[in-house]
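The values are calculated or read from the model by the stated rules, or taken from the named source; none is laboratory data. The model shown is predicted, which means the values in this text are computed figures rather than measured ones. Using ideal geometry, Cβ is built from the backbone for each residue, glycine included, and neighbour counts are taken over all protein chains shown.
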């Protein structure tokens, strides 16, 4: 093949590559505009151990580690380097709401609770109400399913089937025993 054919092929390949790259950038710009309008659904993510204000109120210095575990549950963070410290962290991420994070740190001296510190925890009722409001947001309430007597008269009652003959009783069958008789 002559050199001019190779040169034309290279030129055509270069122009095709430029056109493809230009198309990618315009597609990327269009996808950015679409992403600004259409938002994907984000599921509600609850991570960690929920600790309520009622549980924190039960804590008092002198409780054993097992009693604290019974009240608060297993700690999310229990470090080997900080054996006398347990961390309870709870995060809640929902669509359209800023992420909420709560932290409670429990300190022990030996096997007994020395002190605890952390955020003000929500009560159980507040937490359930916040979840309930998020689940009802945007949902329509279904209409009551009730019919008036006038509406029911428009539809005929279903025909009752004629009394059928009594079903024949199947004959009894004797089956051999599953296990061999004892000797």
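For the reader, a short list of remarks on this structure follows.
- Counting only helices (runs of 4 or more DSSP H) that sit wholly inside the range 1-91, those with at least 2 residues that are modelled with pLDDT under 85 are 3-37.
- Residues that are loosely packed, with under 11 Cβ neighbours inside 10 Å and touching a residue at least 24 places away in the same chain (Cβ under 8 Å) were ranked within the range 54-81; the one that is nearest to residue 119 (Cα to Cα) is 60.
- Some residue of the range 119-128 being over 18 Å from residue 51 (Cα atoms) and either modelled with pLDDT under 80 or part of a loop (DSSP other than H, G, I, E, B) (or both): no
- Looking across the range 101-128, the residues that are within 22 Å of the chain's Cα centre (by Cα) and loosely packed, with under 15 Cβ neighbours inside 10 Å come down to 101, 123, 124, 125, 126, 128.
- Any hit, the range 137-150, residues being closer than 30 Å to residue 102 by Cβ, surrounded by 10 or more Cβ atoms within 10 Å (Cβ to Cβ) and at pLDDT below 70: yes
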